[in-house]
Amino acid sequence: MTLVRRYGLTVAALIGAGFVFVVPFLFIVLTAVKDRTQAAQLDFTWPTSFPLWENFWTVISTRDFMLITAYINSTILTVGSITLLVILAAMVGYVRQRRKAWWNGLVDFLVLAGLMMPPAVVPTIWLLQQLGLFATLHGMIFIEVAYNISFCIILYRAFVATIPREMDEAAIIDGARPMDIFFRVILPMLKPVTITVIVVQSVAIFNDFVNPLYYLPGNDNVTVQLTLYNFQSQFNTSYNLLFMNILLVTIPPLIVFLFFNRQIVAGMTSGAVKG
Amino acid sequence: MTTTVSTPIAVPAKPRHRRRSSPYPTWFLLPAAIVYGILFLIPTFASLYFSLTRWTLFNSSFIGLDNFVAFFEEPFLIQGVVNTIIFALLTCALKVVFGLGLAVLLTSQIHARGLLRSVVFFPVLVSTVGVGIAFTAMMHPTDGIINAGLGLLGIKGPGWLTNPSLAIYSVAFVEVWRGVGLATVIFIAGIVSIPQDYYEAARIDGATGWERFVYITLPLSRPAMVTVVILSFIHGLRNFELVWAMTRGGPGFASDVLASVIYKQYQAGFYGLSTAGNVVLFVLIAAMAVPLYLYLNRKEGHQ
Amino acid sequence: MTRSNFPAVLLGGTAVGLLALGAGAASAQDTVNLTLLIDNSADTVALTEQLVADFEARNPNIDIEIETRPGGGEGDNIVKTRLATGQMTDIFLYNSGSLLQALAPSQTLVPLTDQPFLDRVLDSFESTVTSGGDVYGVPVQTAMGGGILYNRDIYEELDLEIPMTWDAFMANNATIAEAGYVPVIQTYRDTWTSQLFVLADFYNVLAEEPDFAERYTANEAKYATSDAALEGFRHLAEVHEAGYMNEDFGAATYDDGLRMLSTGEGAHYPMLTFAIAAIEATYPENLDSVGFFAQPGSDPEINGLTTWMPAALYVPKTTSHPEEAMAFLDFVASVDGCNAITEAVGATGPYLVEGCDLPSDVPAATADMLPYFEEDGRTAPALEFLSPVKGPTLEQLTVEVGSGIRSPEDAAALYDQDVERQAQQLGLEGW
């Protein structure tokens, strides 16, 4: 590939991305730094006043620094759920892909059902109350695992197929136990999928708001998306503060993405070197 | 975490070890099955009973199949079904096409690859509420930036969300914008999993970039393809968050999808009726998604 | 079920939040902690914070923690879900009228019938929080009117008079359109705002058919077959056909509507008077440009206001501190309570508690509304306070009529169907 073509492609990609992806983002940022009256117009103009710091501080400090509590809760919730999801889903995806058994069809259907069927809120609350898990963070972690595991299993099951069986067989001949094969051979090779699962699911769980709204009531249990309700209600919305809040709660998942994105790139280069 | 996976054989062999059991033990399914079964399957399927009742959350009384009758008598049901299928097919197809294209682009040797990836993925990170408000404002018929831009070119833009025959397509477009980053990330994982040897061999044989794409990338990223198709198709059939954030199914009922019809019933306090609606939606999705899933996974065997 | 003395919500029935144990036990010696669930609108939060602060100053041993929830249909679901699962806060704020009836009050709420503070609550309000002979709530904030908010500057400039009939209103619109202003502001991005012409016409419906509400509840009267009830839908269509709406009516928001009205871009905005508080918050310098009149009917002799009752505070049966909760309700239904509200959000209408007076300097639109309440027979409650029957799709149908997508007759007939389904789902008699 010639240099000209490489740069041409890059420039074209950047301009395209600029139009399609950056303009809406700019809109959000601009609105977040306007004053309330100008923000209410929701138009694409330069801010006339620039109350960046006031907006930032109002959003952070509203209702006894609710956003800080929310950051902590959402982080615990996300980290806990993701850890369980990765391990549990990879185990299922692995065995389901490798083993030919009569129950494969049933497992597939139940997994798909998790994507197709919306959960029933009130019966779930009754059950959580019976189990003593209602309105607790660990109960919420289990809920997130249950609701998101289908997605992860489908992803893992598809990608386990790309790992040659010779890998497991070599380990079996060496006398490794199933646990060892899975954790030391298979899971490391699934790294690109695992990173995808971590990135995608941490965003989904961090940004989940319907489930915490019902299963995790109480001011001390607030999660980040619920803080948006501080500035948006049925009858009046402070768009500047709402968008500032949206930006602030977008930062943690963005950091996660930037971190793991480098991991994917690193994975690619190592593959290239091997080839 | 290091980047290589080159030490699989170095697993320490345990001296005493049972040969007879499968290396793929069934109990691996157990932890997931417990969490999923107790917290999702049991309450969800138990709730099916309520689809046969008049349910106010405080009381329920058995009324047989009346809710299903009422659901099918919903005046705008047909339109909702049509919209649902348009929305799912359109978003799924576009996510696959653009997602694959972007993934190929973003795994090639172009500059600013990391930055571009972040840019493409950013919409996935932003809350649906924010995306909805931002695009609704940009699609404003007179003040929105999209029509302002078209105006500069001498085109009078339509009411993207206020024109009843256009609203659902506008929302579908935004859904693609919002979700394509997800598809791209999955495709990237798929492409990254393809051993580089294939490309080296193809290059030595003098294959063009297009040939490498058609004969190597496309078939070998099949797991990613299957995943993206299944996930975005089901998502498209079931999801209504963006429809709700942008049009609330309107103007009137013009952009209602099945899930938003059901959600409105739930919000109105018609709990039995909305449960019946969920059953209908589930059957409809299963009727389309299960054959698709079987078809895609049967092909997998031929590889 | 055992309950200890910290917030019931945190503990959640038998589900003992181990995390909460340490925090709760330490604080409570003699202090009683109450929790209070309210909706998240800025006004409600501001006035509740003021009420709680004033109450706590008088009752140092009671500590009230405020929790917020979204409004609208999502909020209805949260309230119902928490009541049905025994997770409600000690006190909560919720609508009066038909929405309250859907909470099964006799099963879930503590009746206030024997409480002495009920004597101070006006009968007109009490009837909207009564179910099966028991009263369940005390009012927060003031009565509201549904009608037309108008721009006084435009009226002055064009020398217009307050219309006493619909024809006079349309004549005003013609003059306003000629002068280059928007005659009628409509904001269908927020679909709920589209219903006002229909809902606020109810005074006129009752004037022609005094028994409409009873017959409506009994499945006898229908919108599609009652000429008086159809008028509201027709008005909406007339305004659309005459081209009197703002060009971007399909995409404009409630906020846009308030801006256009207060800054004089538009002359009329059919709305509830709680909008006055929002104008005061966002466009304080234009507050005096905004006036209010009732939606006119066909007869100049019959002119009156359709009124809405405010939300109320209720105490669920699951509370472990009924006495302290009652003390708070007692405070809210007192002159001190009214004063706290006025201090926080200003006065937007007449209070529903005996002895509560308005300050002398109320906004112009509020002052316009008060005469209706002072004369006998010039107010009538909105239909939702007279009947539990209310269909959920009215706002979509009025958007369609106002956008010219559907005829008023079709919309009324579809609304009747919708109402029938609602009555069946609630299991009402006679449907």
### Task
May I ask you to verify whether A:Ser81 is surrounded by fewer than 16 Cβ atoms within 10 Å (Cβ to Cβ) and either at pLDDT 85 or above or at the interface with another protein chain (Cβ under 10 Å from one of its Cβ atoms) (or both)?
no
### Candidates C:Met245, C:Met309, C:Met271, filtered to the one that is within 21 Å of C:Met144 (Cβ to Cβ) and in contact with a strand residue (DSSP E or B) (Cβ under 6 Å, 6 or more places away or on another chain)
C:Met271
### Task
Inspect the range B:218-238 for any residue being at pLDDT 90 or above, touching a Cys at 6+ places or on another chain (Cβ under 6 Å) and closer than 21 Å to B:Ala189 by Cα and give the result as yes or no.
yes
### Which numbered condition C:Trp431 misses (of (1) within 30 Å of B:Phe76 (Cβ to Cβ); (2) in the same structural domain as C:Asn204 (by TED's automatic domain parsing))
(2)
### Query
Mind checking whether some residue in the range A:134-150 is within 9 Å of chain B (Cβ to nearest Cβ) and assigned to a loop (DSSP other than H, G, I, E, B)?
no
#### Entry: Single residue of the range A:120-132 satisfying the filter (at pLDDT 90 or above and at the interface with chain B (Cβ under 7 Å from one of its Cβ atoms)) that is surrounded by the most Cβ atoms within 10 Å (Cβ to Cβ)
A:Thr124
### Message
Out of the helices (runs of 4 or more DSSP H) lying entirely within the range C:327-431, which hold 2 or more residues that are closer than 29 Å to C:Glu238 by Cβ?
### Response
C:364-374, C:394-402, C:408-426
### Identity of the residue in the range C:141-157, modelled with pLDDT of 95 or more and of a type in the set (Val, Ile, Thr), that ends up nearest to C:Ser124 (Cα to Cα)
C:Ile148
### Query
On the given criteria, is B:Val283 away from chain C (no Cβ under 14 Å), surrounded by fewer than 23 Cβ atoms within 10 Å (Cβ to Cβ), more than 16 Å from the chain's Cα centre (by Cα) and assigned to a helix (DSSP H, G or I)?
yes
### Task
Could you tell me whether the range C:236-252 includes any residue that is under 23 Å from C:Pro310 (Cβ atoms), within 14 Å of another protein chain (Cβ to nearest Cβ) and acidic (Asp, Glu)?
no
### Message
Checking A:Trp102 against (1) at the interface with chain B (Cβ under 9 Å from one of its Cβ atoms); (2) within 27 Å of B:Leu294 (Cβ to Cβ): exactly one of these is not met. Which one?
### Response
(1)
### Query
Among helices (runs of 4 or more DSSP H) lying entirely in the range C:1-70, which contain 2 or more residues that are at pLDDT 95 or above?
C:42-58
### Query
List the pairs whose first member sits in the range B:43-57 and is at the interface with chain A (Cβ under 7 Å from one of its Cβ atoms) and under 16 Å from B:Gln267 (Cα atoms), whose second member is β-branched (Val, Ile, Thr) and in a helix (DSSP H, G or I), and whose Cβ atoms are under 8 Å apart, counting only residues at least 6 apart or on separate chains?
B:Leu57/A:Val122; B:Leu57/C:Thr81
### Query
How about the range B:164-199: which of its residues are more than 18 Å from A:Thr162 (Cβ to Cβ) and within 8 Å of chain A (Cβ to nearest Cβ)?
B:Trp177, B:Leu182
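Among what's in the range A:48-63 and is in contact with an Asp or Glu (Cβ under 9 Å, 6 or more places away or on another chain) and surrounded by 15 or more Cβ atoms within 10 Å (Cβ to Cβ), pick the residue that is nearest to A:Asn240 (Cα to Cα). Before you say what the answer is, go through the steps one by one.
Initially, the range A:48-63 is screened for residues in contact with an Asp or Glu (Cβ under 9 Å, 6 or more places away or on another chain), giving A:48-51, A:54-55.
Pick out the ones that are also surrounded by 15 or more Cβ atoms within 10 Å (Cβ to Cβ) and you get A:51, A:54-55.
Working: A:Pro51: 10, A:Glu54: 11, A:Asn55: 7 Å.
Result: A:Asn55.
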### Query
What residue, among those in the range C:59-81 that are within 8 Å of chain B (Cβ to nearest Cβ) and in contact with a strand residue (DSSP E or B) (Cβ under 9 Å, 6 or more places away or on another chain), is surrounded by the most Cβ atoms within 10 Å (Cβ to Cβ)?
C:Asp76
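Can you tell me how many residues within the range A:159-173 are at the interface with another protein chain (Cβ under 8 Å from one of its Cβ atoms) and either touching a strand residue (DSSP E or B) at 6+ places or on another chain (Cβ under 6 Å) or touching a residue at least 12 places away in the same chain (Cβ under 8 Å) (or both)? Break it down stepwise before answering.
Going through the range A:159-173, the residues at the interface with another protein chain (Cβ under 8 Å from one of its Cβ atoms) turn out to be A:159, A:161-162, A:167-168, A:170-172.
Remaining after also requiring either touching a strand residue (DSSP E or B) at 6+ places or on another chain (Cβ under 6 Å) or touching a residue at least 12 places away in the same chain (Cβ under 8 Å) (or both): A:159, A:161, A:167-168, A:171.
Of the residues in that region, 5 qualify.
Any residue that is in contact (Cβ under 8 Å) with a residue 12 or more places away in the chain, more than 30 Å from A:Arg157 (Cβ to Cβ), touching a helix residue (DSSP H, G or I) at 6+ places or on another chain (Cβ under 7 Å) and surrounded by fewer than 24 Cβ atoms within 10 Å (Cβ to Cβ) - is there at least one of those in the range A:248-258? Can you show your working first?
First pass over the range A:248-258, keeping only residues in contact (Cβ under 8 Å) with a residue 12 or more places away in the chain: A:248-249, A:252-253, A:256-257.
Restricting the remaining residues to those that are more than 30 Å from A:Arg157 (Cβ to Cβ) gives A:248-249.
When the remaining residues are screened for being touching a helix residue (DSSP H, G or I) at 6+ places or on another chain (Cβ under 7 Å), the result is A:248-249.
Going one step further and asking which of them are surrounded by fewer than 24 Cβ atoms within 10 Å (Cβ to Cβ), we end up with A:248.
Looking through the range A:248-258, at least one residue is in contact (Cβ under 8 Å) with a residue 12 or more places away in the chain, more than 30 Å from A:Arg157 (Cβ to Cβ), touching a helix residue (DSSP H, G or I) at 6+ places or on another chain (Cβ under 7 Å) and surrounded by fewer than 24 Cβ atoms within 10 Å (Cβ to Cβ).
For the range C:197-232, give me each residue that is among the hydroxyl-bearing types (Ser, Thr, Tyr), part of a helix (DSSP H, G or I) and over 20 Å from C:Gly147 (Cα atoms). Spell out how you get there, then give the answer.
First, pick out the residues of the range C:197-232 that are among the hydroxyl-bearing types (Ser, Thr, Tyr): C:203, C:216-217, C:223, C:225-226.
Then keep just the ones that are part of a helix (DSSP H, G or I); that gives C:203, C:216-217.
Selection gives C:Tyr216, C:Thr217.
Tell me, which helices (runs of 4 or more DSSP H) lie completely within the range C:73-147 with 1 or more residues that are under 30 Å from A:Thr124 (Cβ atoms) and touching a Leu at 6+ places or on another chain (Cβ under 7 Å)? Full working, then the answer.
Details: elements: C:98-101, C:105-108, C:123-126.
The qualifying helices (runs of 4 or more DSSP H) are C:105-108.
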### Message
Which residue is modelled with the lowest pLDDT, if the candidates are limited to the range C:256-271 and must be crowded, with 24+ Cβ neighbours inside 10 Å and either within 12 Å of chain B (Cβ to nearest Cβ) or part of a helix (DSSP H, G or I) (or both)?
### Response
C:Asp256
### Query
Among (1) surrounded by fewer than 20 Cβ atoms within 10 Å (Cβ to Cβ); (2) at pLDDT 90 or above; (3) over 17 Å from C:Ala423 (Cα atoms), where does B:Phe62 come up short?
(3)
### Task
Could you tell me whether any residue of the range C:159-170 is closer than 30 Å to B:Pro164 by Cα, in a helix (DSSP H, G or I) and modelled with pLDDT under 95?
no
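Any residue at all in the range C:211-218 that's touching a helix residue (DSSP H, G or I) at 6+ places or on another chain (Cβ under 8 Å) and either under 23 Å from C:Tyr269 (Cα atoms) or surrounded by fewer than 20 Cβ atoms within 10 Å (Cβ to Cβ) (or both)? Don't jump to the end; show me each part of the working.
Narrowing the range C:211-218 to residues touching a helix residue (DSSP H, G or I) at 6+ places or on another chain (Cβ under 8 Å): C:212-213, C:216.
Now drop any that are not either under 23 Å from C:Tyr269 (Cα atoms) or surrounded by fewer than 20 Cβ atoms within 10 Å (Cβ to Cβ) (or both), which leaves none.
No, the conditions are met nowhere in the range C:211-218.
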### Query
Which number in (1) within 7 Å of chain A (Cβ to nearest Cβ); (2) modelled with pLDDT under 85; (3) farther than 30 Å from A:Leu228 by Cβ marks the one condition that B:Val129 misses?
(3)
### Task
State the number of residues belonging to the range A:183-212 that are closer than 30 Å to B:Tyr263 by Cα and at the interface with another protein chain (Cβ under 7 Å from one of its Cβ atoms).
4
### Among (1) touching a Pro at 6+ places or on another chain (Cβ under 8 Å); (2) without any contact (Cβ under 8 Å) to a residue 60 or more places away in the chain - the single one B:Gly154 does not satisfy
(1)
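Restrict the check to the range C:294-311 and report whether at least one residue is within 14 Å of chain A (Cβ to nearest Cβ), farther than 30 Å from C:Gly86 by Cβ, within 20 Å of the chain's Cα centre (by Cα) and not polar (S, T, N, Q). Step through it out loud before you land on a result.
Step one: list which residues in the range C:294-311 are within 14 Å of chain A (Cβ to nearest Cβ), which gives C:308, C:310-311.
From what is left, the residues that are farther than 30 Å from C:Gly86 by Cβ are C:308.
Filter once more, so that each one left must be within 20 Å of the chain's Cα centre (by Cα): C:308.
This time we only want the ones that are not polar (S, T, N, Q), so: C:308.
Yes: one or more hits.
The values are calculated or read from the model by the stated rules, or taken from the named source; none is laboratory data. Remember, predicted model here, so these are calculated numbers, not experimental data. Neighbour counts run over all protein chains shown; Cβ positions are idealised from the backbone, glycine included.
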